[in-house]
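Chemist: Following this message is one structure expressed as structure tokens.
The values are calculated or read from the model by the stated rules, or taken from the named source; none is laboratory data. The structure presented is a predicted model; accordingly, all values stated were derived computationally and were not measured. Virtual Cβ from ideal backbone geometry, glycine too; neighbours counted across all protein chains shown. Calculation scope for accessible area: heavy atoms of the full protein, side chains included, ligands and nucleic acids excluded. Shrake-Rupley method; radii C 1.70, N 1.55, O 1.52, S 1.80 Å.
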Amino acid sequence: EILWRVPLGEFKELTEKGIPKTGTENYGGPIVTAGGLIFIGASQDEYIRAFNKKNGKEVWKFKLPAGGYATPATFEINGQQYLVIACGGGKMGTPSGDSYIAFTLP
């Protein structure tokens, strides 16, 4: 049973013209947290996003320094949960990068 579907990624030029999100080519997978969030980078627009796993609503996004064409990882240190993603870019005509970005989760 499919509960929801959303296009992943957008072309800013089209969105600015009033065209609904089309999605982009994607490389990378999602992770799901115990708190019910799905995190995924993967999109050509170089954002990492969080979706509510129950309804597919986008609840957060962050522009990465280069494409996050990798599956994010999560870990915990001293009771604090973190999310990290490799920002290597270099696919689909996007600039290459060489960084990892980590976020704390509430």
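Chemist: Taking the stretch 22-64, which residues are of a type in the set (Phe, Trp, Tyr) and more than 21 Å from Glu76 (Cβ to Cβ)? Write out each step before concluding.
Modeler: The initial filter retains those residues of the stretch 22-64 that are of a type in the set (Phe, Trp, Tyr), namely 27, 39, 47, 51, 60, 62.
Those that are of a type in the set (Phe, Trp, Tyr) and more than 21 Å from Glu76 (Cβ to Cβ): Tyr27, Tyr47, Phe51.
Chemist: I would also like to ask the following. Would you be able to say whether some residue in the stretch 96-106 is surrounded by 13 or more Cβ atoms within 10 Å (Cβ to Cβ), in a loop (DSSP other than H, G, I, E, B) and of a type in the set (A, V, I, L, M, F, W, C)?
Modeler: So far as the stretch 96-106 goes, no, none of its residues is surrounded by 13 or more Cβ atoms within 10 Å (Cβ to Cβ), in a loop (DSSP other than H, G, I, E, B) and of a type in the set (A, V, I, L, M, F, W, C).
Chemist: Moving on. Out of all the residues in the stretch 76-89, which are of a type outside the set (A, V, I, L, M, F, W, C), farther than 11 Å from Leu64 by Cα and surrounded by 15 or more Cβ atoms within 10 Å (Cβ to Cβ)? I'd like the intermediate steps shown before the answer.
Modeler: Within the stretch 76-89, the first condition is being of a type outside the set (A, V, I, L, M, F, W, C), and the residues that meet it are 76, 78-82, 88-89.
Add one more test, that the residue is farther than 11 Å from Leu64 by Cα, and what stays is 76, 78-82.
Matches in the stretch 76-89: Gln81 only.
Chemist: Another question, if that's okay. Could you identify the single residue in Ala66, Ala73 that is buried (at least 16 other Cβ atoms within 10 Å of the Cβ) and in contact with a strand residue (DSSP E or B) (Cβ under 6 Å, 6 or more places away or on another chain)?
Modeler: Details: Ala73 fails: buried (at least 16 other Cβ atoms within 10 Å of the Cβ).
Result: Ala66 is the single residue among Ala66, Ala73 that is buried (at least 16 other Cβ atoms within 10 Å of the Cβ) and in contact with a strand residue (DSSP E or B) (Cβ under 6 Å, 6 or more places away or on another chain).
Chemist: Would you check if Ala50 is at pLDDT below 95 and either in a strand (DSSP E or B) or not β-branched (Val, Ile, Thr) (or both)? It would help to see each step written out before you state the result.
Modeler: Working: at pLDDT below 95: no; either in a strand (DSSP E or B) or not β-branched (Val, Ile, Thr) (or both): yes.
Judged against the criteria, Ala50 is not a match.
Chemist: Being part of a loop (DSSP other than H, G, I, E, B), of a type outside the set (Gly, Ala, Ser), within 23 Å of Gly93 (Cα to Cα) and over 10 Å from the mean Cα position of the chain (by Cα) is the filter here, so list the residues in the stretch 1-43 that pass it.
Modeler: Taking the stretch 1-43 first, the residues part of a loop (DSSP other than H, G, I, E, B) are 1-11, 17-25, 27-30, 33-36, 41-42.
Now narrow it down to the ones that are of a type outside the set (Gly, Ala, Ser): 1-8, 10-11, 17, 19-22, 24-25, 27, 30, 33.
Among the residues that remain, those that are also within 23 Å of Gly93 (Cα to Cα) are: 7-8, 10-11, 17, 19-22, 24-25, 27, 30.
Hits for the stretch 1-43 are Pro7, Glu10, Phe11, Lys17, Ile19, Pro20, Lys21, Thr22, Thr24, Glu25, Tyr27.
Chemist: Conditions: (1) open to solvent by less than 40 Å² (accessible area, probe 1.4 Å); (2) of a type outside the set (Lys, Arg); (3) out of contact with any Phe, Trp or Tyr (no Cβ under 8 Å at 6 or more places or on another chain); (4) at pLDDT below 95. Gly93 meets all but one. Number of the miss?
Modeler: Here Gly93 clears every test but (1).
Chemist: Taking the stretch 20-45 on its own, how many of its residues are open to solvent by 50 Å² or more (accessible area, probe 1.4 Å) and aliphatic (A, V, I, L, M)?
Modeler: 3
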